[in-house]
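Input: a single structure, listed below in structure tokens.
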Amino acid sequence: MPEITKIVITGGPCAGKTTAMSWLQNAFTEKGYAVLFVPETATELIGGGVAPWTCGTNADYQKCQVWLQMEKEHIFWQAAGTMLQQKILIVCDRGVMDNKAYMTEQEFSEILGGMGLTEVEVRDNYDAVFHLVTAAKGAEQFYTTANNAARTETP
């Protein structure tokens, strides 16, 4: 059975997640790890036409996003368990906890409760979470939405 580590890279828009993930790919590959990347779920859903403004409510959308994120992470974990490499790093481009920023505390709690989960269980599903600070905080001139059509946040 391989040693599997699962981490999350998160943070505000233009925080350097893409650069950090590229660095992780190079650094951990050199150390003998297989590096797997779970793509950002919101970008996939919104790009596919499933968005907060196309679903019945934001809570309906967030529920879809949480479910898909959990499923993707589960599939990557299962796949990692079958790999021949002894050390595997799963990097999640944002994680389940990111959804909490886009809904009320009660909505988030209800979604997790409907899945039979608590916030602590979701958080502790990761070995580490790295929160990067957005360039939009104090350096607004470097903020852009041009690199992600799903991004709607302002600085």
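The values are calculated or read from the model by the stated rules, or taken from the named source; none is laboratory data. Only a predicted model underlies this, so the values are computations on that prediction, with no experimental measurement involved. Please note: Cβ atoms are built from the backbone with ideal geometry, for glycine as well, and neighbour counts cover all protein chains shown. To get the accessible areas, we keep the full protein, side chains included, count just its heavy atoms, and leave off ligands, DNA and RNA. Shrake-Rupley method; radii C 1.70, N 1.55, O 1.52, S 1.80 Å.
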* Structure fact -> Screening Trp77, Trp53 for residues that are farther than 23 Å from Thr5 by Cα and open to solvent by 70 Å² or more (accessible area, probe 1.4 Å) leaves only Trp53
* Structure fact -> When the stretch 2-30 is checked residue by residue, the ones that are exposed (fewer than 12 other Cβ atoms within 10 Å of the Cβ) and closer than 25 Å to Gln78 by Cα are Glu3, Ser22, Trp23, Asn26, Glu30
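Between Cys64, Cys92, which is surrounded by fewer than 19 Cβ atoms within 10 Å (Cβ to Cβ) and within 15 Å of the chain's Cα centre (by Cα)?
Being surrounded by fewer than 19 Cβ atoms within 10 Å (Cβ to Cβ) and within 15 Å of the chain's Cα centre (by Cα) holds for just one of Cys64, Cys92, which is Cys64.
Based on what the data block shows, is Met83 closer than 30 Å to Gly32 by Cα, of a type in the set (A, V, I, L, M), loosely packed, with under 15 Cβ neighbours inside 10 Å and at pLDDT 95 or above?
Judged against the criteria, Met83 is a match.
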* Asked: Give me the pairs: first residue in the stretch 62-88 and under 19 Å from Thr29 (Cβ atoms), second residue in a helix (DSSP H, G or I), beta-carbon distance under 6 Å, and six or more apart or on different chains, which are they?
  -> Ile88/Ala80
* What are the residue pairs meeting all of these: first residue in the stretch 1-16, first residue at positive phi and in contact (Cβ under 8 Å) with a residue 40 or more places away in the chain, second residue open to solvent by 20 Å² or more (accessible area, probe 1.4 Å) and in a loop (DSSP other than H, G, I, E, B), Cβ atoms under 8 Å, and 6 or more apart or on different chains? -> Gly11/Val133; Gly11/Thr134; Cys14/Thr134; Cys14/Ala135; Cys14/Tyr143; Cys14/Thr144; Gly16/Ala135
* Restricting attention to the stretch 106-128, report how many residues are closer than 23 Å to Trp23 by Cβ and either among the charged types (D, E, K, R) or modelled with pLDDT under 95 (or both). => 1
* Select from the stretch 23-54 the residues that are at pLDDT 95 or above and hydroxyl-bearing (Ser, Thr, Tyr) and write down the one among them that is nearest to Phe130 (Cα to Cα). => Thr41
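With the condition kept exactly as written, say whether any residue in the stretch 106-113 is under 24 Å from Ile4 (Cα atoms) and among the aromatic types (Phe, Trp, Tyr).
Looking through the stretch 106-113, none of the residues is under 24 Å from Ile4 (Cα atoms) and among the aromatic types (Phe, Trp, Tyr).
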* Among the residues of the stretch 117-131 satisfying the criterion of being among the charged types (D, E, K, R) and outside any loop (DSSP other than H, G, I, E, B), which is surrounded by the most Cβ atoms within 10 Å (Cβ to Cβ)? -> Glu119
* Asked: Just checking, how many residues over the stretch 31-50 are open to solvent by less than 40 Å² (accessible area, probe 1.4 Å) and either touching a His at 6+ places or on another chain (Cβ under 8 Å) or aliphatic (A, V, I, L, M) (or both)?
  -> 7
